[in-house]
1. For the stretch 222-266, how many residues meet the condition of being under 13 Å from the mean Cα position of the chain (by Cα) and either surrounded by fewer than 19 Cβ atoms within 10 Å (Cβ to Cβ) or of a type outside the set (Ser, Thr, Tyr) (or both)?
2. Does residue 110 satisfy the condition of being polar (S, T, N, Q), assigned by TED's automatic domain parsing to the domain that holds residue 213, surrounded by 13 or more Cβ atoms within 10 Å (Cβ to Cβ) and touching a residue at least 24 places away in the same chain (Cβ under 8 Å)?
3. If you take the residues of the stretch 46-97 that are of a type in the set (Ser, Thr, Tyr) and either at pLDDT 90 or above or within 30 Å of residue 315 (Cα to Cα) (or both), which of them is surrounded by the most Cβ atoms within 10 Å (Cβ to Cβ)?
4. Within the stretch 24-42, identify whether any single residue is part of a helix (DSSP H, G or I) and assigned by TED's automatic domain parsing to the domain that holds residue 110, and answer yes or no.
5. Testing residue 257 on (1) assigned to a helix (DSSP H, G or I); (2) among the β-branched types (Val, Ile, Thr); (3) without any contact (Cβ under 8 Å) to a residue 60 or more places away in the chain, one condition comes back false. Which one is that?
6. Could you list, in sequence order, the residues of the stretch 118-139 that are aliphatic (A, V, I, L, M), over 24 Å from the mean Cα position of the chain (by Cα) and either more than 19 Å from residue 177 (Cβ to Cβ) or surrounded by 16 or more Cβ atoms within 10 Å (Cβ to Cβ) (or both)?
7. Just the residues that are closer than 12 Å to residue 197 by Cβ, β-branched (Val, Ile, Thr) and part of a helix (DSSP H, G or I), please, taken from the stretch 75-125.
8. Under 7 Å between Cβ atoms, at least 6 apart or on separate chains: pull out the pairs that start in the stretch 179-196 with a residue that is not assigned by TED's automatic domain parsing to the domain that holds residue 112 and modelled with pLDDT under 95 and end on any residue that is surrounded by fewer than 22 Cβ atoms within 10 Å (Cβ to Cβ) and not in a strand (DSSP E or B).
Amino acid sequence: MKVCILGLPKSGKTTIFESLTQRDVQPSHKDRFNFGIVKVPDARIDYLTSVFKPKKTVFPEIEFIDYIREGEQKSFNADYIAKLKESDGILKVIRDFSSDVHPPALMEVNPQKELDEIDDEIILNDLSVIEKRLEKLKNAKYKLSAEEKSEMSVLQTFNETLSSGEMLYSKELGKEEEKIARNYGLISFKKEIVVINIDDPSRAISEALREKLAKKNRIYAIISAVNEKELNQLDAETKTEFAKDMHIEEFGIQKVIRHLYSMLNLITFFTVGEDEVKGWTIKAGTNALKSAGKIHSDIERGFIKAQIASYEDFKKHDNLKDCVKHGVLRLEGKEYTMKDGDIVEFKFNV
């Protein structure tokens, strides 16, 4: 999973990146991006590892990508737009703290206005893409096909939505509309989390900001990046103690992962054995055949059956032999809809 981080200069987005990835970023004139990998913690994988004692344990991973803006540059360039198009989700970092050392980009601490600036930049980018395509279709020297006419109608609807200041992801889109949004890499179609970067973890955000976010049902996470970055330097026990004193009930990375899995509708299945215990992330509703392809295309191509036990059933009986004995290890076909926590072995032949 790839997640891009957006934010105006001085919003603390790189500090957010550091607090999430537990990585210290060194200033560089060569690099345009900061990359950081985070393993998604899962107590179920810990338990399965304790049972199978494999040579290797693999957790699902999230890659965070932080764009390094040049100087006071507010807009993002073509390289970053390409990264945004490839991403699975976006973190929009807005500043809600004061600092004499790092004055805000808008000359005032105004998180609502910062969010509007980021939204406008995305909307203008998408409108430019849509308008170019519409102009090409309207000026075509040939009769448009039924498919092209349908595409034009969808793009005109997108144009109206974006011109009204709405993000495409906030609308109920049909399969054809989603396909067109993906084909053109429209950034406003990407699901997002608004990250409110604060200095004091015990301080609440303003009612005005809360209402603005609630009005459009926007998912948000309040994170004190500078404090969490400092806490990351401590051992686990001390970190927990200090976090409690600072009124941090849930760390930023936990909030972000929870929101990402929820908004992207993701679940995890497991493959187990003496060699490896591994968690695999898929969209809820994915069938067994497509899930097999997540592991390897050969397994999907030669799919025969999926041997499955739920995590709950496995934990109750503690091993696969007893799962067979109690009839909870079952064979499923390619159309079986995978469930969160399924432990699976794919049978295949190529």
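The values are calculated or read from the model by the stated rules, or taken from the named source; none is laboratory data. All figures in this text were calculated on a predicted structure; none of them were measured in a lab. When we count neighbours, we look across all protein chains shown, and the Cβ atoms used for this are built from the backbone with ideal geometry, even at glycine.
1. Of the residues in the stretch 222-266, the ones under 13 Å from the mean Cα position of the chain (by Cα) are 253-266.
Filter once more, keeping what is either surrounded by fewer than 19 Cβ atoms within 10 Å (Cβ to Cβ) or of a type outside the set (Ser, Thr, Tyr) (or both): 253-260, 262-266.
So the count comes out to 13.
2. Values: polar (S, T, N, Q): yes; assigned by TED's automatic domain parsing to the domain that holds residue 213: yes; surrounded by 13 or more Cβ atoms within 10 Å (Cβ to Cβ): yes; touching a residue at least 24 places away in the same chain (Cβ under 8 Å): no.
Here the answer is no, as residue 110 does not meet what is asked.
3. My answer is 87.
4. Of all residues in the stretch 24-42, those part of a helix (DSSP H, G or I) come to none.
Scanning the stretch 24-42, I find no residue that is part of a helix (DSSP H, G or I) and assigned by TED's automatic domain parsing to the domain that holds residue 110, so the answer is no.
5. Only one criterion is unmet by residue 257, namely (3).
6. First pass over the stretch 118-139, keeping only residues aliphatic (A, V, I, L, M): 118, 122-124, 127, 129-130, 134, 137.
Next, only the ones that are over 24 Å from the mean Cα position of the chain (by Cα) stay: 130, 134, 137.
Once the filter is applied, which keeps residues that are aliphatic (A, V, I, L, M), over 24 Å from the mean Cα position of the chain (by Cα) and either more than 19 Å from residue 177 (Cβ to Cβ) or surrounded by 16 or more Cβ atoms within 10 Å (Cβ to Cβ) (or both), the stretch 118-139 yields 130, 134.
7. none
8. Pairs found: none.
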